[in-house]
Structures are given as structure tokens and as C-alpha cells.
Amino acid sequence: MERDALIEGIWERDPAVWTGSDEAQWLGWLDEPLHVQERLDDIRRFAESLHEEVDDVVLCGMGGSSLAPEVLRRSFGVDWFHVLNTTHPRAIRALEEKLDLGRTLFVSSSKSGSTLETRSHTDYFWEKTGKRANMFAAITDPGSDLERLARERGFRAVFAGEPSIGGRYSALSPFGIVPAVLMGADASRLLDRAQEMREACRSGEGNPGYELGRQFGEGWREGRDKICIGDAPDDFGLWAEQLIAESTGKHGKGLVPAPGESPAGADRQSAQPDLPDPFALGAEFFRWEFAIAVAGAYLEINPFDQPDVQAAKDKTNEVLATGREPELESEGSVEELLAQAQEGDYFCIQAFVEPGAGLEARLDRVIADVRDRTDLVVTHGYGPRYQHSTGQLHKGGPNTGLFLQVVDDQGDELPIPGKPFGFRRLIRAQAAGDLETLKERGRRVARVRLEDL
């Protein structure tokens, strides 16, 4: 499709730009910067009502409900705003120890309203705080289970998402903007920058979103499917990873996001975020969203679905249904995995471990070793967070990944109210289920313990 026709087709919500299926139902993000601007006064009033009561805010969310808030938190340097997107018992205990639970607002954020991790976090802190409804809020799509729960429990506020926006496209919706306001950021400036980019992405010549998407798509056609996201302030790549991987990684195709990797290589291309200040995130969120919509046309896929994400969730539920704690025995090694490497592959570390906790130093050693011994791009992510981010690519994208699962000692069990399992068994089931799903898809995998790296 020629440039002008492609751009016009996107703005006209024409599904023929992609596969002619249900794409038109998922394009609410094109107008969302305008709609959220109209709701800012209500969001601000809610934030202002908390000033005398709240010292910390904990956002419980996964995937698109957590990654934009995490990038915003880092960009604006807000250390009293915490994003909880792990099921590791030691990490949850460590966060709890930092908080005065009587002066902490808990924000449950889930588009579907049924995300297992988010509901488990919500129920855990609901009990821990003595069911203080006035210190809970929710961000969720209308009619969801989470909305019903929040109304029943009398949460202080419930903010409605836009159902025509998928999670990875929700940064400029209430899922990103409500957290931004709670952080004290000037959300109007963020949205103004987004609106400027939105207008720029309507044009033909010099369209920033189109040009980035065209680069991605033409590079993919030339075999350069690794998107090496240049260094950017405060880990913009965390958000961009999900947008790229979950949107394009399906039907054996896909772009592989690789934040911080060198673009020097025949299978790589460079992409540099333009972030001169934190408020530029508004523009960059929109530019990259538009770019991936454009890239989806080149790949001839639906960039708004995620057909393979449910598989690992189902496998996790199967493991949990046995009532037994899964064994996470070592399988293979880094050396055995690398022995299977072929040209155009990438190496992916999937770390089901406590975030921090000395992991970075060990990861850096493994990454440096793989880079020294091979020409492979190296990516990594925490489990189960990456399952809601790059997991679609791992299962549905090209079979070019070498997957190293890393596990640690999760510590004592941490019960989840109303569940027959706790967080320890949950994260072990998630690790076991994900590895089994990768094996079923014919992926090359290994599992090692953190202390053996």
C-alpha cells in the first residue's frame, strides 16, 4: 500500500490496511489523547483528595497496565509510587515492609478485570489493610469483573478504560494518565505533546509515525527483524518491548525488540526514542503506537490481537489445578542452548526471580558471555511480567529464540486470600507452564538456577 493510502486507511479505520478482520474495533487509541484531556479535571480532583491521607501509591497491574506507569515513574523520579508486577513472594514482602499500610493507596489496574496476578495482589492487600475501601481505586474497562468487585467493596474511585483500545496501546488512556496524575506530573503537558504528534501523524510527507513504521516494515522485509532500541532515559524500552512484540509476533512472523543492543549486525536495525524531557513521552507513546500500526501492514498481520498469550495462562492453570507445587529442576545449560544457535537467532533470558536481589550482575555476566561467544542479540525480562509483554512473540513469532529460564528460591509461601495456592506456588506454576508452552511450540529452551549462573 502506498504511503498516503496507508495513512488514510489507518485514520479511516479501514481493516483492509491489515488483514480485513476486526482491526477497526481496536483503534480507539487514535483519538484517546483528546478524550482523556476532557476527563482530567475529575482525575485531578481525585488526586487532590488524597493529599492529607496518602504517603505512598501502589499500582497493581501487569503488561500494558503497568509498563507505561513504570516508565512515567522512572522518568519523573517518583520514589513513593510503586508498580507491583511480580508474583515473587520475597518481592511482595519487601514492598509491604516499606509501606505504612494505613497511608497507602492501592490502585488495581486491569483492562479485562480478571488478570490473575492483579486480582491476587488486590485481594492480598485488601486483607492486609483491614479492607479499607477508601484506600483502594480501580482502573478497568466498563462491565469487567474488577469493576463489579470495586463497586461491591466500595472502592474510593473507579476509572473506566476505553474498550476499543488494547492494553499495549493504552499509555495515553486512563491506564497511563491516572497514574501520571497521581505522581504529580502535569498530565496536560503530556497530552498536549501527544496531540501535537497525533496531528503530525495525519500528514503524508514527514509523518513521524509512518516513517518509523516504514523503517521497521522495510527492515523486516530485508531480514532485519531485531529492533535495537537505543539508550533512552528511564527505560522507555520496557514499554516499547510489549508494543512491538505483542503487536507483531504472531503467525511465525515478528519484530524482536532488543533495548540497549548494538544495531551493528545484518539482522538488526536501530530505533532511537526522541525524549529530550519527560513530557516528550506523550509524543513518543503516540509515535511508536502509530509506527507499529504501520509496521503491521508491512507484515500483513493484525497488530491488535494476541492469539498466543492465553496458552501459557491455560498451562499455568493446569499446573495449579493439580494441587501440587511444581518442581523446577534444571534442564540443559547455557552451553547446550548456544550449541543450537543458528544465523538470525536471538538469546532470551526469562528470569522468574526476585527483581533486583543481585540479579543484574549475574545477568550482565551471562549477556556479556553470550555476546562474546556469538553474534546473537540478547534480550531479557522478569517473569511473569514478560509473559504479558514479549510472551506473544516468544510463542507465536518466528522460531528464532533461544530461551533460558532462570529460577531462584522463592522463600516461604505467601497465602493469597480466597485461593487454594499462594504466591510461591503461583510463580512456580507460571514458570513451569511457560516453559512447557514453549516446548509445545517447538522452541529451544533450558532452565537453570540463579545461583548456577
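Per DSSP helix of 4 or more residues, -39500 (n - 2.57); summed, then divided by the residues of the chain. What does that give at 222 nm, rounded to the nearest 500?
-13500 deg cm²/dmol, from helical runs alone.
Cross-link partners for Lys313 among the aspartates and glutamates, with Cα-Cα distance under 19 Å and sequence neighbours closer than 8 places in the same chain left out: Glu117, Asp145, Glu246, Asp305, Glu325, Glu327, Asp434, Glu436, Glu440. Does region 312-402 come out rounded, prolate or oblate, given a ≥ b ≥ c as the square roots of the eigenvalues of its C-alpha gyration tensor, rounded meaning a/c under 1.5 and, failing that, prolate meaning a/b above b/c? Since a/c reaches 1.5 and a/b is larger than b/c, the shape of region 312-402 is classed as prolate. For Arg373, the accessible surface of its heavy atoms amounts to roughly 120 Å² (probe 1.4 Å, protein chains only, rounded to the nearest 10).
Can you list, largest first and rounded to whole Å, the semi-axes you get for region 361-411 by taking the square root of 5 times each eigenvalue of its Cα gyration tensor?
19, 18, 8
Along region 42-48 the Karplus relation, 6.51 cos²θ - 1.76 cosθ + 1.60 evaluated at θ = phi - 60°, assigns HN-Hα couplings of 5, 5, 5, 4, 4, 4, 5 Hz to successive residues, with x for each Gly and Pro.
Note: relative contact order over the chain, using C-alpha pairs below 8 Å and six or more positions apart, is 18 percent. The alpha carbons of region 199-313 occupy a box of 39, 32, 30 Å along the principal axes, longest dimension given first. With the Kirkwood sum run over all distinct C-alpha pairs, region 34-115 has a hydrodynamic radius of 14.1 Å. Counting Lys and Arg as +1 and Asp and Glu as -1 over every other residue whose Cβ lies under 11 Å from the Cβ of Gly20, the net charge comes to -4. Roughly how many whole Å is it from the C-alpha centroid of region 397-424 to that of region 107-157? If we compute the Cα centre of each part, the gap is 22 Å. Couplings 3J(HN,Hα) of region 132-142, computed from phi: 7, 4, 5, 10, 10, 9, 9, 10, 6, 6, x Hz, in residue order, whole Hz [Karplus 6.51 cos²θ - 1.76 cosθ + 1.60, θ = phi - 60°; x for Gly and Pro].
Histogrammed with a bin width of 5 Å, the alpha carbon distances of region 1-144 distribute as 2, 8, 14, 18, 18, 13, 9, 7, 5, 4, 2, 0 percent, first bin at zero. For region 280-288, putting each phi into the Karplus relation 6.51 cos²θ - 1.76 cosθ + 1.60 with θ = phi - 60° gives couplings of 5, 4, x, 5, 5, 4, 6, 4, 6 Hz, in residue order, rounded to whole numbers and with x for Gly and Pro. Given a 1.4 Å probe and the protein chains as shown, Thr400 ends up with an accessible area of around 30 Å². Averaging the Cα positions of each part gives two centres, and for region 37-87 and region 182-196 these lie 14 Å apart. Of the residues Ala171, Pro417, Gln306, the one whose Cα sits farthest towards the positive end of the charge dipole of the chain is Pro417 (charges of +1 on Lys and Arg Cβ, -1 on Asp and Glu Cβ, taken about the Cα centre).
Put Trp80, Trp239 in order of accessible area, highest first, and with a 1.4 Å probe you get Trp80, Trp239.
Under 1.5 on a/c is rounded, so check that first for region 340-444, then, if it is not, pick prolate when a/b is larger than b/c and oblate when it is not; a ≥ b ≥ c are the square roots of the alpha carbon gyration tensor eigenvalues.
Cα axes put region 340-444 in the oblate bin.
Region 271-314 and region 350-396 have Cα centres separated by 20 Å. Considering region 122-227, its Cα convex hull presents a mean projected area of 9.9 nm².
Remark on Phe106: its backbone amide H falls under 5 Å from those of Val58, Phe136, Ala137, a criterion applied only to residues 5 or more positions apart or on other chains, H modelled at 1.01 Å from N. In this Cβ point-charge picture (+1 for Lys and Arg, -1 for Asp and Glu), the chain has a dipole of about 960 debye about its Cα centre.
With +1 on the Cβ of every Lys and Arg and -1 on the Cβ of every Asp and Glu, and nothing else charged, how large is the dipole of region 1-141 about its Cα centre, in debye rounded to the nearest 20?
About 760 debye.
Rounded, prolate or oblate: pick one for region 10-53, where a ≥ b ≥ c are the square roots of the eigenvalues of its C-alpha gyration tensor, a/c under 1.5 means rounded, and failing that, prolate if a/b is larger than b/c, else oblate.
prolate
Based on the Stokes-Einstein relation at 4 °C and a viscosity of 1.567 mPa s, and on the Kirkwood radius from alpha carbon pairs, region 67-161 is assigned a translational diffusion coefficient of 94 µm²/s.
Between the listed residues Val107, Gly63, Cys228, the Cα displaced farthest toward the positive end of the dipole of the chain, a dipole computed from Cβ unit charges relative to the Cα centre, is found at Val107.
The values are calculated or read from the model by the stated rules, or taken from the named source; none is laboratory data. Bear in mind the structure is a predicted one, so any value in this text is a computation, not a measurement. All Cβ positions, even for glycine, are placed from backbone atoms using ideal geometry, and neighbour counts span all protein chains on display. All accessible areas refer to the heavy atoms of the entire protein, side chains included, with ligands and DNA or RNA removed. Shrake-Rupley method; radii C 1.70, N 1.55, O 1.52, S 1.80 Å.
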